[in-house]
Structure formats: structure tokens, C-alpha cells
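Report on the structure given below.
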Amino acid sequence: MEQTIEGRELVSLDGMWVTYHRPRGIRPHSRAARGAQAGVLFLNGLYATRAGNGDAAVGWASALAAAGHPSFRVDLPGFGDSDDAPPADWLGYINSGGYGAKVSTLIEELVRRYKLPGMVVAGHCAGAVSAIYAAATSGQCLGMVLMDPYFNMQRLDTPKFRQQLNLWSRRSHLGGLLSGAFDLLKQVRRKLRQEGLPANANVKLLRCWKEVVRGGVPVLILRAPSRRSAGLKARTGEFDYLQHILASAGQQASVSVEVVDGSNHSFSNRQGRAAIPQFIEKWLDSTIFTNISTALPNAMGENVILMPSARESKTA
């Protein structure tokens with residue numbers, strides 16, 4: 001028997017387990033009641049399951065569903081309950097767009113089965129990378145929410161001495177001073193050399209980003225406050241990827257950027273748990289909702305319910 005929780009359904013699609021949060025609180029005669037409400041698909045960050053860090057994604061999806069937005073959480077291949085083992089070079093696979101086709105196919109299937117007008121993909125960290133690649137190939141992606149996205153080639157194998165040095169700089173007053181001085185030197189060197197993209201920039205991802213946003217896909221970027229920078233500014237000495245992607249998007253692109261005050265990177269603390277669905281819902285109503293054509297048929301039919309596979313016990 002499948003384990004079920006009220007208001008949720010657990011489905012299996014091509015070896016991936018998806019939790020569907022059924023929309024509630026839909027007003028009669030609203031677009032949502034006619035089936036015109038876009039779905040929201042959450043993609044987890046590296047190592048996190050579809051529940052998110054500290055089950056934060058469960059709360060986000062539940063909050064959006066309570067406001068009438070069909071919401072989905074998925075374990076992509078190699079994550080959580082999915083059938084497949086992770087790739088040998090997991091982060092390299094993500095950074096090169098390995099999950100893009102999987103997410104794109106999943107979007108198409110969910111839209112078809114639940115009779116949705118389209119899907120908004122909300123990715124956190126590494127999940128944001130996969131969201132961008134998927135949006136480039138999916139004709140059903142109506143928008144993206146990128147939570148603390150990165151555009152460089154992240155690494156998991158940081159040398160141990162670097163980890164210890166970073167920890168010392170955070171805990172020691174002298175270490176903090178030396179770290180600040182080093183950041184200033186990097187900034188001066190960058191300005192003197194008039195450097196372009198850093199050597200570790202994910203050029204393929206940046207090209208994909210440009211293609212997606214210039215193609216008209218609206219984007220909401222949510223950033224956690226940085227310990228060593230104010231507001232949306234990059235840390236001293238670091239390349240400002242946010243400024244770069246906003247410039248490359250072009251003047252006609254629809255890109256909004258918000259700082260989630262008080263949150264941590266995973267948005268799993270109290271501030272992040274509360275703020276994320278609020279930001280997303282406001283953006284959905286002001287941007288995505290108004291973009292959905294009012295010419296959609298009044299009767300789109302009841303949502304198709306895909307019953308979970310009974311081959312294995314999972315929890316929604």
C-alpha cells in the first residue's frame with residue numbers, strides 16, 4: 001500500500017518519484033477553478049531530496065497549494081527515492097545540463113496529465129541550473145524561480161586546507177582582516193586587467209540563460225543575504241555574476257530579483273520557510289497569472305489523477 005497524506009498524491013514517472021500537492025482554496029469562477037492555473041515544480045539542491053533541506057520544500061509546496069497553485073516536488077535520477085544511481089561526477093553532470101532533458105520531459109508529462117496550461121520551475125542552487133537547461137527545451141515552461149543560483153563551475157573537492165582556512169577566516173578577527181585584504185587585492189587585479197568572465201564560468205549555462213530570458217521566459221531570482229556583501233552586490237573581489245546575467249538578459253526580458261532578508265542559503269530557516277512561498281505567490285499572480293491567455297476554454301475538464309505505482313512503499 002502507498003502511504004498517503006491528505007492533500008497529496010505520490011506518483012511514479014519513469015523511475016522518478018513525484019509528490020503532487022493538490023490545490024486548495026480555489027475561488028469559484030476564478031481562472032484556477034477553470035484549470036488555467038500554472039503548476040509549480042520544485043527542483044532540489046545538491047544532495048537534498050524532494051522534501052528540500054529540513055523539509056523546507058514540503059512547506060513551500062503546501063503553502064502554494066493552499067493558495068490554489070498545483071505544486072510538485074520530484075526526486076530526479078540519483079536523488080532520494082528515485083530508482084537510478086547518481087552519476088559518477090554528479091556536480092559536473094548537473095553543470096553540463098545532464099538533468100535538463102529529464103526535467104523538460106517531466107514538465108510535459110505533468111502538464112498533460114493534470115491538464116495545466118504550463119509549468120513554472122522553481123530550482124534551488126543546483127536545481128536552478130537544471131531549471132535553466134530545462135526551460136531552454138520545454139515549450140510548456142511558463143517561468144522560472146531561481147533560488148540562489150550559481151553560474152560558475154562549482155566543485156565538491158575543495159582541498160582540506162582551503163576549508164580550514166575559510167573556517168579560520170570566519171572565526172578569527174585576524175583571519176577576517178586578512179581575508180578582506182585578499183578580497184581587495186583580487187578586486188584591484190580584476191580592474192587593472194579588465195578581466196571578462198572568470199576561468200571557472202559555466203559558459204554553456206550562461207548561453208542557455210541568455211537564450212531562455214531573451215526568448216520571453218519570465219524569471220524571479222531569490223537571493224539569500226551574503227555574509228560579506230550588502231544587498232545584491234557581489235563579495236569584494238568576486239565576479240558579479242548577477243550583474244552579468246541581468247545585463248545579458250536584455251532590456252525586454254522579465255527578470256525580478258529579491259533578497260530574502262534573514263534567510264540562509266538553503267532558505268530552510270524560519271525566515272526562508274515563511275518568505276519563499278510569499279515571494280513566489282506574489283510573482284505568480286503579478287506575472288505568470290496575467291500571462292496565461294484568458295482565451296483558454298472555460299471547461300478544461302477535471303484534473304487527471306495518476307495513481308501511484310504499488311511496487312514500493314513511499315511517503316508523499
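Rule-based calculations on the coordinates, nothing more; no lab input. What you are looking at is a predicted structure, and each value in this text was computed from that prediction instead of being measured. Every residue, glycine among them, receives a Cβ derived from its backbone with ideal geometry; neighbour counts consider all protein chains shown.
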Open item on the list: If amide hydrogens are placed 1.01 Å from N in the peptide plane, which non-local residues have theirs closer than 5 Å to the one on residue 254?
Closed with: 219
TODO: Using only the Cα atoms of segment 47-147, build the gyration tensor, take square roots of its eigenvalues as a ≥ b ≥ c, and label the shape rounded, prolate or oblate: rounded if a/c is under 1.5, else prolate if a/b is larger than b/c, else oblate.
DONE: oblate
Task: Derived scalar couplings ³J(HN,Hα) [segment 82-94; Karplus, 6.51 cos²θ - 1.76 cosθ + 1.60; whole Hz; x for Gly, Pro] - done: 4, 6, 7, 7, x, x, 4, 9, 4, 5, x, 5, 5
Task: Sites residue 251 and residue 22, calculated FRET efficiency, Cβ-Cβ separation with R0 41 Å, nearest 0.05 - done: 0.55
Task: Approximate spin-label separation residue 211-residue 14, in nm, with each point projected 7 Å along Cα-to-Cβ - done: 1.8
Task: Sequence ranges 247-253, 201-207, ranked by mean other-Cβ count within 10 angstrom, highest first - done: 201-207, 247-253
- [ ] Just subtract the alpha-carbon distance of residue 199 and residue 6 from 0.36 nm times their residue separation and send over the number in nm, one decimal.
- [x] 64.6 nm
